[in-house]
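To start, the structure under review is shown below, and the notes come after it.
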Amino acid sequence: MGSVLVDGSPTKEFKFKKGLRQGDPLSPFLFVIAMEVTNMLMQRAVKLGVYHGCQLPNSGPNLSHLCYADDVLFIDLWSKENVFALNRLLRWLNLISGLKVNCRKCKLFGIGVLDSEVARLAKVVNCEVGSLPLTHLGIPIGII
């Protein structure tokens with residue numbers, strides 16, 4: 001049972017139910033909270049050396065992920081250790097939040113990596129192999 005404080009006074013108690021319905025006004029807040037937790041998790045993982053993003057040139061930032069609404073694009077130096085670390089981080093996120101990554105929507109891309117290596121690691125982490133060019137959020141990526 002729970003209640004909400006409105007102007008410092010508790011409302012009538014109600015029973016908790018699991019999940020939100022599509023179109024629920026609380027849905028955007030859930031994504032904001034999930035993305036903030038994901039952001040903090042990734043920043044900590046990079047700082048501790050568990051996950052290695054891509055260092056941008058000319059003293060630019062180390063880019064490890066980009067969040068937009070309910071999408072996250074993870075960026076890293078190619079290594080099986082990085083892929084396994086990301087897989088563990090996402091599993092940890094699932095355990096603490098109850099949110100689960102939809103592997104059917106996930107793709108693994110390798111730039112300058114053998115297709116066989118990308119396919120092998122994609123199979124290990126249970127996602128599809130991605131290919132360039134692609135469109136992400138309506139923006140073409142990888143087109144020369």
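The values are calculated or read from the model by the stated rules, or taken from the named source; none is laboratory data. Just so we're clear, the structure is a prediction, and the values are computed from it rather than from any experiment. Heads up, the Cβs are rebuilt from the backbone with ideal geometry, glycines too, and the neighbour counts pull from every protein chain shown. Just so you know, the surface numbers come from the protein's heavy atoms only, side chains and all, with ligands and any DNA or RNA stripped out. Shrake-Rupley method; radii C 1.70, N 1.55, O 1.52, S 1.80 Å.
Here are the numbers for the structure shown:
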{"item": "Residue within segment 47-55 that is closer than 20 Å to I141 by Cβ, in a loop (DSSP other than H, G, I, E, B) and open to solvent by less than 70 Å² (accessible area, probe 1.4 Å) present", "result": "yes"}
{"item": "Sole residue being touching a residue at least 40 places away in the same chain (Cβ under 8 Å) and touching a Leu at 6+ places or on another chain (Cβ under 9 Å), chosen from V50, V37", "result": "V37"}
{"item": "Residue check, K107 touching a Gly at 6+ places or on another chain (Cβ under 9 Å), open to solvent by 100 Å² or more (accessible area, probe 1.4 Å) and of a type outside the set (A, V, I, L, M)", "result": "yes"}
{"item": "Some residue of segment 129-144 being open to solvent by 80 Å² or more (accessible area, probe 1.4 Å) and under 16 Å from V83 (Cα atoms)", "result": "no"}
{"item": "Which listed residue, of V118, V72, V83, is surrounded by 12 or more Cβ atoms within 10 Å (Cβ to Cβ), among the β-branched types (V, I, T), without any contact (Cβ under 8 Å) to a residue 60 or more places away in the chain and more than 24 Å from L48 (Cβ to Cβ)", "result": "V118"}
{"item": "Condition met for V83 (closer than 18 Å to I111 by Cα and over 12 Å from the mean Cα position of the chain (by Cα))", "result": "yes"}
{"item": "Single match in V113, V125 (criterion: touching a residue at least 24 places away in the same chain (Cβ under 8 Å), aliphatic (A, V, I, L, M), touching a helix residue (DSSP H, G or I) at 6+ places or on another chain (Cβ under 8 Å) and at negative phi)", "result": "V125"}
{"item": "Yes/no for L89 being modelled with pLDDT of 90 or more, open to solvent by less than 90 Å² (accessible area, probe 1.4 Å) and not β-branched (V, I, T)", "result": "yes"}
{"item": "So G60, is it small (G, A, S) and either farther than 30 Å from L20 by Cα or in contact with a strand residue (DSSP E or B) (Cβ under 9 Å, 6 or more places away or on another chain) (or both)", "result": "yes"}
{"item": "Selection status of G98, on the phi > 0 side of the Ramachandran plot, out of contact with any Cys (no Cβ under 7 Å at 6 or more places or on another chain) and not hydroxyl-bearing (S, T, Y)", "result": "yes"}
{"item": "In segment 10-42, residue most open to solvent (accessible area, probe 1.4 Å) [restricted to those that are under 26 Å from S79 (Cβ atoms) and touching a Ser or Thr at 6+ places or on another chain (Cβ under 8 Å)]", "result": "V37"}
